[in-house]
Amino acid sequence: MDGYERLTARIEKAWKDFDDPATPHRHFRLDEIGDLLEPAPLTQEDTERVIGRMARIALSDDEARDVVEAALHAICTAGTRYTLPLPLIGPLADAADRFDPPLLAYVLAALGSTYDKAAIPLAKRFLDHPHPEIRREAEDALTEIRWQYRHEPIRGAFPDAPD
């Protein structure tokens, strides 16, 4: 078994333990997966599969707050290494009213990790939030998104240069 297979096997075991209702402290299994995402060189497809499942867990009405927080934290952890797809993160921002400020901060950090211009209006709506931490997180998310577009090469700017 190579390193990638061992990594994905550890993630699958953590999911299996998470899915077992007899597992105590299920949120620890999500923490474990999040810890594996930070240094792990997962493929984009495998990362999106994990992030999609974490987002569904965070949006579930049946999960305890500690499980939701662990799922959102894992998503943010992945955002430090991977670009998160807005279609997976956008529903979290759309459901912002269900999250208290500490959880909402994770959602905004994840929005920034999409680096997608389409996330700008989702983050902007929190610039007037009553909690200063949320306003700061919204500003940070917007900075992350805009930074990406200020630093990407402009195609066609130098006609003789190779693409």
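The values are calculated or read from the model by the stated rules, or taken from the named source; none is laboratory data. This is a predicted model, so every value here is computed, not measured. When we count neighbours, we look across all protein chains shown, and the Cβ atoms used for this are built from the backbone with ideal geometry, even at glycine. Quick note on the areas: whole protein, heavy atoms, side chains included, nothing else; ligands and nucleic acids left out. Shrake-Rupley method; radii C 1.70, N 1.55, O 1.52, S 1.80 Å.
Filter the stretch 1-33 for residues that are open to solvent by 70 Å² or more (accessible area, probe 1.4 Å) and aliphatic (A, V, I, L, M); which is farthest from Ile75 (Cα to Cα)?
Only one residue fits best here, namely Met1.
Determine which single condition Arg81 fails, assuming it passes every other condition in (1) in contact with a His (Cβ under 6 Å, 6 or more places away or on another chain); (2) open to solvent by 50 Å² or more (accessible area, probe 1.4 Å); (3) within 23 Å of Leu142 (Cβ to Cβ).
For Arg81, the failing item is (1).
Name every residue in the stretch 80-112 that is part of a helix (DSSP H, G or I) and of a type in the set (Val, Ile, Thr), in order of residue number.
Ile89, Val107
Tell me, which residue of the stretch 34-53 that is modelled with pLDDT of 95 or more and aliphatic (A, V, I, L, M) is nearest to Cys76 (Cα to Cα)?
Among those residues, the one meeting the criterion is Ile51.
Quick check on my filter: what residues within the stretch 34-45 are in a helix (DSSP H, G or I) and open to solvent by less than 30 Å² (accessible area, probe 1.4 Å)?
The answer is Gly34, Leu36, Leu37.
Go through (1) surrounded by fewer than 16 Cβ atoms within 10 Å (Cβ to Cβ); (2) over 24 Å from Asp97 (Cα atoms); (3) at pLDDT 95 or above one by one and return the number of the condition Arg56 breaks.
For Arg56, the exception is condition (2).
I'd like the residue in the stretch 113-163 that is touching a Gly at 6+ places or on another chain (Cβ under 7 Å), part of a helix (DSSP H, G or I) and of a type outside the set (A, V, I, L, M, F, W, C) and, out of all such residues, is modelled with the highest pLDDT.
Ranking the candidates gives Asp140 first.
Return the residues of the stretch 18-67 that are within 14 Å of the chain's Cα centre (by Cα) and of a type in the set (Lys, Arg); say none if nothing qualifies.
Arg49, Arg53, Arg56
Out of (1) in a helix (DSSP H, G or I); (2) touching a residue at least 40 places away in the same chain (Cβ under 8 Å); (3) open to solvent by less than 40 Å² (accessible area, probe 1.4 Å), the odd one out for Glu69 is which?
It is condition (3) that Glu69 fails.
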